[in-house]
Amino acid sequence: MTSTDARLPCGREPDALVAQVADGAGDHRDAHQRDCPYCQAALAEFDRLWAPVRAVADHRPRAPEGLLDEAMRRIRGVASDPDFGSISDVRGRTRISAQAVESLARHLASRVPGVRVALSRLVAAGGGAETSLIGGPEVTAGVAGSSTVVSITLAADLGEDLIALGDRIRAVVADGIRASTGLEPVAVLVHVDDVLL
Amino acid sequence: MSAPGREPGPGEARASAGLDEEADRWLVGRVRDGDRGAYEELVRRHRDRIYRIALRMLGNPADADDVAQEVVIQLWTALTGFGGTSAFTTWLYRVVVNRCLNHRRGQRTHDELADADHPGVPGPERRVLAGEELQAGLRAISGLPEDQRVSLVLVQLEGLSYREAATVTKTSEATVRGRLARARATLMSEMKDWT
């Protein structure tokens, strides 16, 4: 049974059985289908033929790594030089870009319960976190030596205690930056831009 | 695979599809003010969806990659024309689908010429995509007529309701239903040799 043009000998429309299979209801047979060999054969055949489409539906590909970066590079044009902080010890010196700190801060903040979405943006070298807030930046990070100042702008869930949320974000972000980079977050500024339903 | 074309409740739709229209709206508002950071976040949230639709519409990863990049670049300027009257994802589906259709139309002439010189060999998708079923499915879907393919991708594969798909394609729900039924019948016929 591969054609959906003609009725089955039992009188049922093949198109209806195709829809039943495509809707994932091939096993949900009505009383007639439970006793009808024609319907059962057709349903089984359509189910077999539909397997490749099911495979496509079940396939959840991720966008290739670098797709966003490449597109954003083309939007940005030539990227400006990032600002770097550095950690030195007896084994050598590690340079950490402000962009890395911002990305980390955004990631940490966005995982705090009550935060709906948090943003990030690179500030030019020498741009202080507070002055750069004019115009509404998201996460901005100023780094100098082994110190950093992070400012986060976010939308919160409606109903959150925003003061408590700010405290939680400050704690999570400061601890995370300290642990991951070795930089000392001397300030974490939290700006709640909106609350969302 | 859930039954396509049904009408999910708002909470269910958001949870199952990983959508957050309110957050999208907030981000879009900031993008329209020229905020690149908001745009990066918006794209980060939707990049897998963009790529997935492109792959399902076009049938191979190389074309899907090209179209996804084009869409990300196009959206940056196109968002100024997004009126906000529909959900961002609805508008995004329309942008990606149209881009895929244009990509395919642009390729057709080129492919017809190239095929004459280069007999069929396994393309990159054969190396990248595991599974014969998956490859057979993508191949069959990419061979559908445009209108059937769009309805099938939106409703059957992406799980949009008939109403949502009708909004994306600027047609009626009845049209979407009819095209989906024809797409299913066509696929059944095309897959008759599938074992």
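Suppose the filter is within 14 Å of another protein chain (Cβ to nearest Cβ), within 23 Å of the chain's Cα centre (by Cα) and at pLDDT below 80; does residue A:141 pass it?
Values: within 14 Å of another protein chain (Cβ to nearest Cβ): yes; within 23 Å of the chain's Cα centre (by Cα): yes; at pLDDT below 80: yes.
Yes, satisfied.
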| query | within 14 Å of chain A (Cβ to nearest Cβ) and either in a helix (DSSP H, G or I) or modelled with pLDDT of 80 or more (or both) - does that describe any residue in segment B:113-124? | reply | yes
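List the helices (runs of 4 or more DSSP H) inside segment A:1-72, counting only whole elements, that have at least 3 residues being within 7 Å of another protein chain (Cβ to nearest Cβ).
Numbers: elements: A:14-22, A:31-35, A:37-58.
Because the criterion is at least 3 residues that are within 7 Å of another protein chain (Cβ to nearest Cβ), the helices (runs of 4 or more DSSP H) in segment A:1-72 that meet it are A:14-22, A:37-58.
Go through A:131, A:148, A:181 for me and flag whichever is over 20 Å from the mean Cα position of the chain (by Cα) and modelled with pLDDT under 60. Talk me through it step by step, then tell me what you get.
Numbers: A:148 fails: modelled with pLDDT under 60; A:181 fails: modelled with pLDDT under 60.
Exactly one of A:131, A:148, A:181 is over 20 Å from the mean Cα position of the chain (by Cα) and modelled with pLDDT under 60, namely A:131.
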| task | Check B:23, B:17, B:13, B:87 and return the single one that is surrounded by fewer than 22 Cβ atoms within 10 Å (Cβ to Cβ), at pLDDT 75 or above and more than 10 Å from chain A (Cβ to nearest Cβ). | result | B:87
| note | Considering segment B:169-186, residues that are over 13 Å from residue B:153 (Cα atoms) and among the hydrophobic types (A, V, I, L, M, F, W, C), and then whichever is modelled with the highest pLDDT, we arrive at B:174
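What tally of residues in segment A:52-91 results from selecting those that are more than 19 Å from the chain's Cα centre (by Cα), at pLDDT 90 or above and surrounded by fewer than 16 Cβ atoms within 10 Å (Cβ to Cβ)? Reasoning before the result, please.
Step one: list which residues in segment A:52-91 are more than 19 Å from the chain's Cα centre (by Cα), which gives A:52-58, A:73-91.
In the following step, the residues that additionally are at pLDDT 90 or above were identified as A:52-58.
Filter again for surrounded by fewer than 16 Cβ atoms within 10 Å (Cβ to Cβ), leaving A:58.
Total meeting the criteria: 1.
The values are calculated or read from the model by the stated rules, or taken from the named source; none is laboratory data. Since the structure is predicted, the reported quantities are computational estimates derived from the model, not experimental observations. FYI the Cβ positions are ideal-geometry reconstructions off the backbone, even for glycines, and counts take in every protein chain you see.
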